[in-house]
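Input: a single structure, listed below in structure tokens.
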Amino acid sequence: MRAALRVNPDVDPQTHRHITTGKKETKFGVDLERAGAVFEKYGRDEYVKLIGVHLHLGSEINAVGPYVQAITKTLDFIETLRGGGFAVEVIDIGGGFGADYTFGQAPAAAEYAGAIIPLLRGRNLKLILEPGRTISANAGILLTRVLYVKKGGEKTFIVVDAAMNDLIRPVLYDAFHFIWPAAVEDKFVVENRQESVEVEGVQLADIVGPICESADFLARDRRLPPVRRGDLLAVFSAGAYGFAMSSQYNSRPRVAEVLVEGDQFKIIRRRETYDDLIAHEIE
Ligand SMILES: Cc1ncc(COP(=O)(O)O)c(C=O)c1O
């Protein structure tokens with residue numbers, strides 16, 4: 001079997017701490033000081049051939065600098081290993097490339113490549129990438145209906161029928177998801193996902209779920225066109241770590257998944273039922 005060792009290059013990926021994985025204080029990988037000893041101990045095994053070095057710095061890394069730093073450190077490590085007689089053939093630089101949650105916030109693929117490829121050229125290493133959210137985040141939206149608009153204290157709360165069990169990213173990572181009504185008057189048609197929409201007539205509101213948790217929100221202090229009970233809202237960029245991180249918390253059956261292609265659609269996962277909630281209980 002051929003295997004790679006996951007190293008921890010101790011580089012700050014400049015992202016939320018809950019999606020930071022390549023710093024010394026995170027639980028992932030083997031720090032570079034120890035990694036040499038791991039190769040010494042296991043790197044000549046007859047059955048498990050250590051032929052690669054793997055790293056993954058974290059997620060939503062909207063800068064190329066952390067990749068450059070981490071790859072540079074890791075290449076030095078690989079050269080040391082090679083000097084010690086280990087035949088390292090592969091470098092896997094993981095994923096974490098920023099997806100455009102707001103339009104234009106993430107570097108283009110060419111920008112990452114422009115900084116990374118020169119470091120690897122001529123090194124005789126096979127490069128493996130593990131992009132995740134850059135592929136799927138903006139391929140999915142979560143549709144949710146307004147249940148109620150509530151004025152409370154200084155705030156307006158738009159209570160919707162999706163909740164933290166359907167999309168946990170806002171509370172888990174302070175994640176931003178652009179949210180906009182599915183149908184709006186012409187003056188509220190916007191071109192792009194953006195943090196703050198400055199169109200006359202928008203109102204400031206928190207968009208929250210119906211679960212009894214203050215952590216149950218999809219967005220805070222967001223400018224939205226006026227909405228009413230029954231309106232449909234689109235929560236953008238829900239295609240990565242959306243459904244996959246969903247749960248049945250608060251006895252909420254999970255949502256249906258619908259694949260859309262052009263003007264065709266297909267239900268690819270049916271909406272769960274209350275029977276599904278107890279299906280695994282034995283007595
Ligand atoms: C080892 C590894 N590679 C790749 C990824 C994908 O990350 P992203 O979706 O941010 O590109 C992850 C995500 O947790 C991961 O743990």
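One line per residue, one yes/no per condition, for (1) assigned by TED's automatic domain parsing to the domain that holds ILE268; (2) at pLDDT below 95:
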{"residue": "GLU111", "(1), (2)": "no, no"}
{"residue": "LEU119", "(1), (2)": "no, no"}
{"residue": "GLY152", "(1), (2)": "yes, yes"}
{"residue": "PHE178", "(1), (2)": "yes, no"}
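Might you let me know whether the stretch 79-92 holds any residue that is away from the ligand (no atom under 11 Å from the Cβ) and on the phi > 0 side of the Ramachandran plot? Yes, there is a match, as at least one residue in the stretch 79-92 is away from the ligand (no atom under 11 Å from the Cβ) and on the phi > 0 side of the Ramachandran plot. Within the stretch 75-133, the set of residues being within 21 Å of the chain's Cα centre (by Cα), free of Cβ contacts under 8 Å to residues at least 12 places away in the same chain and assigned to a loop (DSSP other than H, G, I, E, B) comprises just one member, ALA108.
Condition first: out of contact with any Gly (no Cβ under 7 Å at 6 or more places or on another chain) and more than 16 Å from the ligand (Cβ to nearest atom). Can you find one or more residues in the stretch 22-30 that meet it? There is at least one residue in the stretch 22-30 that is out of contact with any Gly (no Cβ under 7 Å at 6 or more places or on another chain) and more than 16 Å from the ligand (Cβ to nearest atom). Check whether at least one residue in the stretch 177-187 is among the aliphatic types (A, V, I, L, M) and within 16 Å of the ligand (Cβ to nearest atom), and report yes or no. No, that holds for no residue.
State whether one or more residues within the stretch 51-59 are away from the ligand (no atom under 15 Å from the Cβ), farther than 30 Å from TYR173 by Cβ and of a type outside the set (Phe, Trp, Tyr). Yes, the stretch 51-59 contains a residue that is away from the ligand (no atom under 15 Å from the Cβ), farther than 30 Å from TYR173 by Cβ and of a type outside the set (Phe, Trp, Tyr). Could you say whether any residue in the stretch 112-125 is within 14 Å of the ligand (Cβ to nearest atom) and in contact with a Phe, Trp or Tyr (Cβ under 9 Å, 6 or more places away or on another chain)? Within the stretch 112-125 (the criterion being within 14 Å of the ligand (Cβ to nearest atom) and in contact with a Phe, Trp or Tyr (Cβ under 9 Å, 6 or more places away or on another chain)), the answer is yes, since at least one residue qualifies.
Examine the stretch 189-209 for a residue that is of a type in the set (Gly, Ala, Ser) and assigned to a strand (DSSP E or B), and state whether such a residue exists. Yes, the stretch 189-209 contains a residue that is of a type in the set (Gly, Ala, Ser) and assigned to a strand (DSSP E or B). Considering the stretch 229-283, the qualifying strands (runs of 3 or more DSSP E), each wholly inside and each with 1 or more residues that are at negative phi and surrounded by 14 or more Cβ atoms within 10 Å (Cβ to Cβ), run over 232-235, 257-261.
The values are calculated or read from the model by the stated rules, or taken from the named source; none is laboratory data. On a predicted model such as this, the values are computed, not experimentally measured, just so you know. Cβ: placed from backbone, ideal geometry, glycine included. Neighbour counts: every protein chain shown.
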